[in-house]
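Heads up: the structure comes next, in structure tokens.
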Amino acid sequence: MSPSLARRPTVLVVDDNAAFLDNLQELLGDAGYQVHGASSCREARERAREGFDVALVDLRLPDGDGTALARELKEKVPESEVVLLTGFATLETAVAAVRAGACAYLMKPCAPNELLLTLEQAMRQVRLHEEKRELARRAQVTEKLAAVGTMTAGLSHEIRNPLNAAALQLSVLERRVRRLSEDQQSPLLEPLRLVRDEIRRLDHILEDFLQFARPREFRPEPVEVKPLLRRVVDLLAGQAESRRVRLVLAGDGGESVSPIQGEEERLRQVLINLALNALEATPADGLVRVSAEREGDRVLILVDDTGPGVPLEIRDRLFEPFFTTKAQGSGLGLSIVHAIVTQHGGTLEVGSSPEGGARFFLRLPLVR
Ligand SMILES: Nc1ncnc2c1ncn2[C@@H]1O[C@H](COP(=O)(O)OP(=O)(O)OP(=O)(O)O)[C@@H](O)[C@H]1O
Ligand SMILES: [Mg+2]
């Protein structure tokens, strides 16, 4: 699932010799690497912000020392590796290179094969770091999920009992009120209705939590895409209106897509969460757009908004339970969505919409 394993590996080459930079760009480009060049420490720091996997750093740079830069780059991007280059090797420079966290040390001029081999080794290290990080992240999510499960199962039970008792007493009260004369009844019925609605809402929340803690058995059936999307958009029309955000079903609304294999109610829950997040992120007069298209043996559902988008630094954490940037958020929305999507054999990814807001990519398998 790690996105960086799928993309082209990126090498940041830091050397003030323009001809050498050119040569490397060509050699590494041909070998399938994406190459960013920098001719000074300052430029290297700037280019490092775009991200890189391996940095190839010359020891002598016009505005500083390559060993110090190597250390700085490793600190900035801990999953990366640095290979140092030098025109003349001494034991001291080799020791300094290792201390700075460089994984290898090459003498210039180095043979292309040797350089490529060293880069391959460095990339292997980078992939190991990434896998380790991904494993740690998954372990953390699993741990949190287990904690949520235990906690909610216990808590829901404890809350449900008094809640049921309150609901029961409320219906007794309601019956007694209805026995009163008309003018005595009316000022009492409205507050009673409000309390009943709130109790019902609490019960729904508990139900959600419980579903999350102990997922029911999964019974997939063919689900038509268009009615599913239509229903979600209709359900949220009121919310959209009160926020003055346009919520639309774009294109043919999934009309031409064949049915998905899944559970209608859970899929609705997924789309409601995604669309609600989009509505919450979008300022007044903005637009939230839901669309669907076929992509091989899957359907790709896009939820776009014109809000601020999701910053790169938090994209990794979005699906963690309790991760939220909202004062009133529980941070459970997307983790429930992710669990349901995974159960359906689908995937969920976040990116940017063409209008600059967030775009959620939901892929679900079609009925075979
Ligand atoms: N469309 C979006 N645009 C920008 N940020 C988003 C969007 N969708 C989700 N996020 C970010 O992801 C975080 C987690 O979302 P999630 O739905 O899990 O929780 P929440 O919305 O904060 O709380 P809850 O859904 O429980 O009310 C949000 O707090 C927000 O920072
Ligand atoms: Mg949410």
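Derivation of every value follows stated rules applied to the coordinates shown; laboratory data play no part. Being a predicted model, the structure only gives us computed values, none of them experimental. All Cβ positions, glycine included, derive from the backbone under ideal geometry; neighbour counts span all protein chains shown.
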Mind listing the phi-derived Karplus ³J(HN,Hα) values for region 237-250, rounded to whole Hz, using 6.51, -1.76 and 1.60 with θ = phi - 60°, and x for any glycine or proline? 4, x, 4, 5, 4, 5, 8, 6, 10, 7, 10, 10, 9, 8
Ala139-Glu264 pseudo-label distance in nm [points 7 Å out on the Cα-to-Cβ vector]: 4.4
In whole Hz, with x marking every Gly and Pro, tabulate ³J(HN,Hα) for region 176-184 from phi via Karplus 6.51 cos²θ - 1.76 cosθ + 1.60, θ = phi - 60°. 5, 4, 5, 7, 6, 5, 3, 6, 7
Can you pull the one-decimal nm distance between simple spin-label points at Leu27 and Ala237, each 7 Å off the Cα toward Cβ? 6.6
Report, by chain and number, residues whose modeled amide H sits under 5 Å from the one on Gly262, excluding near sequence neighbours (fewer than 5 apart, same chain). Glu221, Val223
In nm, what is the difference between 0.36 nm times the number of residues separating Val98 and Arg176 and their Cα-Cα distance? 19.8 nm
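Across all directions of projection, what mean area in square nanometres is found for the Cα convex hull of region 221-365? Present the calculation step by step, with values, prior to reporting the outcome.
Values: hull surface 32.2 nm².
Orientation-averaged projected area of the Cα hull: 8.1 nm².
Hey, could you get me the Stokes-Einstein D for region 3-135, Kirkwood radius over alpha-carbon pairs, 4 °C and 1.567 mPa s, rounded to whole µm² s⁻¹?
On the way: Rh = 14.6 Å.
Rounded, D is 89 µm²/s.
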Find the relative contact order for the chain and round it to a whole percent, using C-alpha pairs within less than 8 Å whose residues are 6+ positions apart. 10
Listed by chain and number, the residues whose amide H is under 5 Å from that of Val13, excluding neighbours fewer than 5 places away on the same chain and using placed H, are His36, Gly37, Ala38, Leu56
Could you list which residues have their amide H under 5 Å from that of Leu61, counting only those 5 or more apart in sequence or on another chain, with H placed in the peptide plane? Gly66
Per residue of region 218-230, what does 6.51 cos²θ - 1.76 cosθ + 1.60 with θ = phi - 60° give for ³J(HN,Hα)? Whole Hz please, x for Gly and Pro, Karplus curve as stated. 9, 10, x, 9, x, 10, 6, 6, 4, x, 4, 5, 4
Cα centroids of region 45-76 and region 337-368: how far apart, whole angstrom? 36
Can you show me the helix-derived [θ] at 222 nm for the chain, built from DSSP H runs with n ≥ 4 at -39,500 (n - 2.57) apiece and divided by the number of residues, rounded to the nearest 500. -17500 deg cm²/dmol
Tell me which aspartates and glutamates have Cα within less than 18 Å of Lys144's Cα, excluding those fewer than 8 residues away on the same chain? Glu134, Asp208, Asp316, Glu320
With +1 on the Cβ of every Lys and Arg and -1 on the Cβ of every Asp and Glu, the dipole magnitude of region 221-365 about its Cα centre, in debye rounded to the nearest 20, is 240
Cross-link reach from Lys326 to aspartates and glutamates, straight Cα distance under 15 Å and at least 8 residues apart if same chain, gives Glu280
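Once you mark the chymotrypsin sites (Phe, Trp or Tyr not before Pro) that are in a DSSP loop and have at most 13 other Cβ atoms within 10 Å, what is the longest gap between them in the chain? Mind dumping the intermediate values first?
Values: sites that count: Phe88, Phe218, Phe322.
Longest site-free region, per DSSP loop and neighbour criteria: 89-217.
Assuming R0 = 41 Å, can you tell me the calculated FRET efficiency for the pair Ile205 and Phe361, based on Cβ-Cβ distance, to the nearest 0.05?
Working: r = 28 Å, r/R0 = 0.69.
With a Förster radius of 41 Å, E is 0.90.
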Pseudo-spin-label distance Glu217 to Arg124, built 7 Å along Cα→Cβ, given in nm, is 4.9
Lys/Arg Cβ at +1, Asp/Glu Cβ at -1, dipole of region 3-135 taken about the Cα centre: which of Phe88, Ala102, Ser40 is farthest positive-ward? Ala102
Given Cβ charges of +1 for Lys and Arg and -1 for Asp and Glu, the option among Ala68, Leu312, Leu271 whose Cα lies farthest towards the positive end of the dipole of the chain is Leu271
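I need the per residue convex hull volume for the chain, using only the alpha carbons, in cubic angstrom as a whole number. Before the final figure, lay out the partial values.
Details: hull volume 71.2 nm³, N = 368.
Hull volume normalised by residue count: 194 Å³.
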